[in-house]
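Just below is one structure, and these are the notes that go with it.
The values are calculated or read from the model by the stated rules, or taken from the named source; none is laboratory data. All of these numbers come straight from a predicted model, not from anything done at the bench. In this analysis, Cβ positions are derived from the backbone assuming ideal geometry, glycine residues included, and neighbour counts consider all displayed protein chains. Heavy atoms of the whole protein, side chains included, go into the accessibility calculation; ligands, DNA and RNA do not. Shrake-Rupley method; radii C 1.70, N 1.55, O 1.52, S 1.80 Å.
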Amino acid sequence: MPNKDDYWWQISLDTAVEGMAKEIQNVLNVLAIPKIMSHISDDDLISEWMAGRSEGITEFQRYVYLSTLLKLNNRPELSKVIEEMKTYSKGKPIENSMNVHLKDLETYE
(Lines give C-alpha, C1' and ligand atoms only; values in the text may rest on other atoms or scores of the structure.)
Protein backbone atom coordinates (compact mmCIF):
# COMPACT_ATOMS: atom_id res chain seq x y z
CA MET A 1 0.00 0.00 0.00
CA PRO A 2 1.12 3.61 -0.39
CA ASN A 3 3.56 4.77 2.28
CA LYS A 4 4.22 1.08 3.05
CA ASP A 5 1.30 1.06 5.48
CA ASP A 6 -0.58 -2.17 6.05
CA TYR A 7 -4.27 -1.89 5.43
CA TRP A 8 -6.80 -4.32 6.83
CA TRP A 9 -10.34 -4.38 5.54
CA GLN A 10 -12.85 -4.79 8.35
CA ILE A 11 -15.66 -7.22 7.65
CA SER A 12 -18.85 -7.43 9.68
CA LEU A 13 -22.46 -8.29 9.08
CA ASP A 14 -22.98 -4.69 7.97
CA THR A 15 -20.14 -4.64 5.43
CA ALA A 16 -21.09 -3.55 1.92
CA VAL A 17 -19.35 -6.46 0.21
CA GLU A 18 -19.79 -5.11 -3.31
CA GLY A 19 -18.07 -1.82 -2.46
CA MET A 20 -15.29 -3.60 -0.63
CA ALA A 21 -14.76 -5.96 -3.56
CA LYS A 22 -14.45 -3.00 -5.94
CA GLU A 23 -11.96 -1.33 -3.59
CA ILE A 24 -9.85 -4.50 -3.36
CA GLN A 25 -10.02 -4.99 -7.12
CA ASN A 26 -8.82 -1.40 -7.61
CA VAL A 27 -5.88 -1.93 -5.24
CA LEU A 28 -4.93 -5.09 -7.12
CA ASN A 29 -5.21 -3.43 -10.53
CA VAL A 30 -3.48 -0.16 -9.64
CA LEU A 31 -0.85 -1.26 -7.11
CA ALA A 32 -0.30 -5.01 -6.86
CA ILE A 33 -0.41 -6.25 -10.44
CA PRO A 34 1.87 -3.52 -11.87
CA LYS A 35 4.40 -4.21 -9.08
CA ILE A 36 4.29 -7.95 -9.78
CA MET A 37 4.62 -7.40 -13.53
CA SER A 38 7.68 -5.20 -13.03
CA HIS A 39 9.44 -8.10 -11.28
CA ILE A 40 8.02 -11.07 -13.15
CA SER A 41 11.12 -12.15 -15.05
CA ASP A 42 14.35 -13.53 -13.62
CA ASP A 43 16.23 -10.63 -15.20
CA ASP A 44 13.96 -8.09 -13.50
CA LEU A 45 14.43 -9.75 -10.12
CA ILE A 46 18.18 -10.02 -10.62
CA SER A 47 18.35 -6.31 -11.47
CA GLU A 48 16.38 -5.34 -8.37
CA TRP A 49 18.40 -7.57 -6.05
CA MET A 50 21.74 -6.58 -7.61
CA ALA A 51 20.79 -2.96 -6.86
CA GLY A 52 20.21 -3.93 -3.22
CA ARG A 53 16.45 -3.50 -3.33
CA SER A 54 14.58 -6.28 -1.59
CA GLU A 55 11.30 -5.11 -0.14
CA GLY A 56 9.67 -7.69 2.07
CA ILE A 57 12.68 -9.97 2.49
CA THR A 58 15.79 -9.86 4.64
CA GLU A 59 19.27 -9.14 3.32
CA PHE A 60 20.14 -12.79 3.93
CA GLN A 61 17.16 -13.89 1.84
CA ARG A 62 18.11 -11.43 -0.90
CA TYR A 63 21.58 -12.95 -1.13
CA VAL A 64 20.23 -16.52 -1.14
CA TYR A 65 17.60 -15.83 -3.78
CA LEU A 66 19.92 -13.69 -5.90
CA SER A 67 22.76 -16.20 -5.87
CA THR A 68 20.34 -19.00 -6.72
CA LEU A 69 18.94 -17.07 -9.69
CA LEU A 70 22.42 -16.15 -10.87
CA LYS A 71 23.49 -19.81 -10.66
CA LEU A 72 20.37 -21.07 -12.47
CA ASN A 73 20.84 -18.48 -15.22
CA ASN A 74 24.60 -19.05 -15.47
CA ARG A 75 25.27 -15.35 -14.88
CA PRO A 76 28.81 -13.98 -14.49
CA GLU A 77 27.82 -11.82 -11.50
CA LEU A 78 27.64 -14.92 -9.30
CA SER A 79 31.25 -14.80 -8.09
CA LYS A 80 30.93 -11.12 -7.08
CA VAL A 81 27.71 -11.85 -5.17
CA ILE A 82 29.28 -14.84 -3.43
CA GLU A 83 32.12 -12.64 -2.19
CA GLU A 84 29.61 -10.05 -0.97
CA MET A 85 27.66 -12.81 0.80
CA LYS A 86 30.77 -14.01 2.60
CA THR A 87 31.63 -10.49 3.72
CA TYR A 88 28.06 -9.76 4.79
CA SER A 89 27.69 -12.91 6.87
CA LYS A 90 31.18 -12.98 8.42
CA GLY A 91 30.90 -13.20 12.20
CA LYS A 92 27.10 -12.99 12.21
CA PRO A 93 24.65 -15.67 13.42
CA ILE A 94 23.70 -16.31 9.78
CA GLU A 95 27.26 -17.21 8.77
CA ASN A 96 26.68 -20.96 9.12
CA SER A 97 23.44 -20.80 7.13
CA MET A 98 25.18 -18.80 4.44
CA ASN A 99 27.98 -21.40 4.26
CA VAL A 100 25.41 -24.18 3.90
CA HIS A 101 23.78 -22.26 1.07
CA LEU A 102 27.13 -21.76 -0.66
CA LYS A 103 27.84 -25.50 -0.47
CA ASP A 104 24.40 -26.17 -1.95
CA LEU A 105 25.18 -23.77 -4.79
CA GLU A 106 28.43 -25.59 -5.51
CA THR A 107 26.72 -28.96 -5.77
CA TYR A 108 23.81 -27.71 -7.87
CA GLU A 109 24.29 -28.45 -11.55
- Task: Specify whether the C-alpha gyration tensor of the stretch 34-109 places it in the rounded, prolate or oblate class, a ≥ b ≥ c being the square roots of the eigenvalues: rounded for a/c under 1.5, otherwise prolate if a/b is larger than b/c and oblate if not.
- Result: oblate
- Using a 1.4 angstrom probe, figure out how much accessible area the chain has per residue, in square angstrom, rounded to the nearest whole. 74
- Task: Would you be so kind as to identify which of Ile40, Trp8, Leu102 lies farthest towards the positive end of the dipole of the chain, taking Lys and Arg as +1 and Asp and Glu as -1 on Cβ and the Cα centre as origin?
- Result: Leu102
- Hand me the tally of lysine pairs in the stretch 1-105: alpha carbons under 18 angstrom apart, and the pair either on different chains or 8 or more positions apart. 9
- Task: Filter the chymotrypsin sites (Phe, Trp or Tyr not before Pro) in the stretch 4-67 to those in DSSP coil with at most 16 other Cβ atoms within 10 Å of their Cβ, and list the result.
- Result: Tyr7, Trp8, Trp9
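If you roll a 1.4 angstrom probe over the protein chains with everything in place, what fraction of the accessible area of the chain belongs to carbon and sulfur, to the nearest %?
Carbon and sulfur together cover 56 percent of it.
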